[in-house]
Structure formats: structure tokens, C-alpha cells
Amino acid sequence: MTLREDPHLQSKRDMYYAQARLTYAKRYKTFNTLSMETLFNLHQTYNRCAAKLSASLVDENMTFAGFNMLTILLMHGADGCPLNRLSGLLLVSQANITGILDGLVRRGFAVREDDPKDRRVIRAKISKRGEAWLDHFLPAHFRRANDLFSGLSPAEKKTLVKLLGKIRREGNFPEPADGACAKE
């Protein structure tokens, strides 16, 4: 079967990258066509999912990072979350955490408070306005997320979750800072 006859190659872009994979496979001994096709498809799928989900955030004048921070703050409840823990959970620098939080504070979606037990620690907390915004936004967000995977059966979704988890566990990725995901 030629590239043009392959039913999985639905666009000129797909054809281009399929040809590129064949070219690289001939040129480089370490090039594994199936691994690179998997990586390409994972990357393209992520980009399309992120674009679809981000569009609704743009309509709400919200960044993806700000949205993620709000959902984390909601889970931490009245105690809030130390900024260094937010950095670990979002996998961004402390400087980025400050900028993201500044935007949420300006909109009235979050507040900063000193930690009553350790004056060196600053905690971020979701405000009532931030909770109300999430209550408004999340139902439609969950519907959009469900739509992204509507072409997969429940069994296929479980398989995909297992495979993606295996890649994360066995892919030699650096781990986030210890305790980043633990709640105090």
C-alpha cells in the first residue's frame, strides 16, 4: 500500500509527516517510525484538544493556567494552597505562579493570605466570585471534554488512560517536586 492509499492519512499534512517519517527512517538508525508516529499523533491530538478547550476560556477572558489554578484552589478549600505547592502542581516557576495569581486577584477570583503558622508562607485561596465563576464555567467545560472523547467506547477510554499512564510512568520523565500533589 502506498501512502496515498492509506485510509488513516486524511490530509496533506498527514501525508507530509508520513513521508517525513519514511525519509528519517532511512537516514537515521535510531529513528523508530512507530514511536515517532505515536509521538506525532499524541502531540497533534493534545494540540487539537487544548485548542478546543482553550477557545471557551478565551471567550471568558481566562487563561488555561488561571483556570487550572482556580480548580486547584477550589480543591484546597478554606485552607488555601501555599504558592510553592501551586508551582509544583501546575509545573511552572514561582515567578509564573505570581503572575497567574495576580491576574486572578485582579478579577476578584482569588486572594493571597499570610499563613497563620508560618509567616514565610503565602497561601492563595479561591474567592466566592472565583467559585461562582467555576460553577458557571465547569458544566459546559465538562460537556466539551466529553465531546472530545465521544468517538471512543468506555473500554477504549480505559485503555487510553492506561497507556498514557504507562508512558508517564515509564517514559523517563523528571518527576515533579516531592509532595507537590499532597495536601497538607
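Each reported figure results from applying straightforward, stated rules to the coordinates on display, with no laboratory input. Worth saying up front: this structure is predicted, and the values here are computed from it rather than measured. Every residue, glycine among them, receives a Cβ derived from its backbone with ideal geometry; neighbour counts consider all protein chains shown.
Structure notes:
- Oblate is the label for the range 76-184. Its Cα gyration tensor axes, ordered a ≥ b ≥ c, give a/c of at least 1.5 and b/c at or above a/b.
- Taking the chain as a Gaussian network of alpha-carbon nodes connected by springs under 10 Å, the highest mean-square fluctuation of the residues ARG85, ARG27, ARG143 belongs to ARG27.
- The order of HIS141, HIS136, going from fewest to most other C-beta atoms within 10 Å of their C-beta, is HIS136, HIS141.
- Straight-line cross-link reach from LYS157 at under 20 Å between alpha-carbon atoms covers these lysines, not counting any fewer than eight positions away in the same chain: LYS52, LYS166.
- For the range 64-136, the relative contact order comes to 37 percent (Cα pairs under 8 Å, sequence separation of at least 6).
- Whether the range 64-136 is rounded, prolate or oblate, judged on the alpha carbon gyration tensor where a/c under 1.5 counts as rounded: oblate
- Shape of the chain from the C-alpha gyration tensor: prolate (a/c of 1.5 or more and a/b above b/c, with a ≥ b ≥ c the square roots of its eigenvalues).
- Which of ALA124, LEU163, PHE149, positive extreme of dipole for the range 121-166 (C-beta unit charges): ALA124
- Rounded to the nearest 20 debye, the dipole magnitude of the chain is 400 debye, with +1 charges on Lys and Arg beta carbons, -1 on Asp and Glu beta carbons, and the Cα centre as origin.
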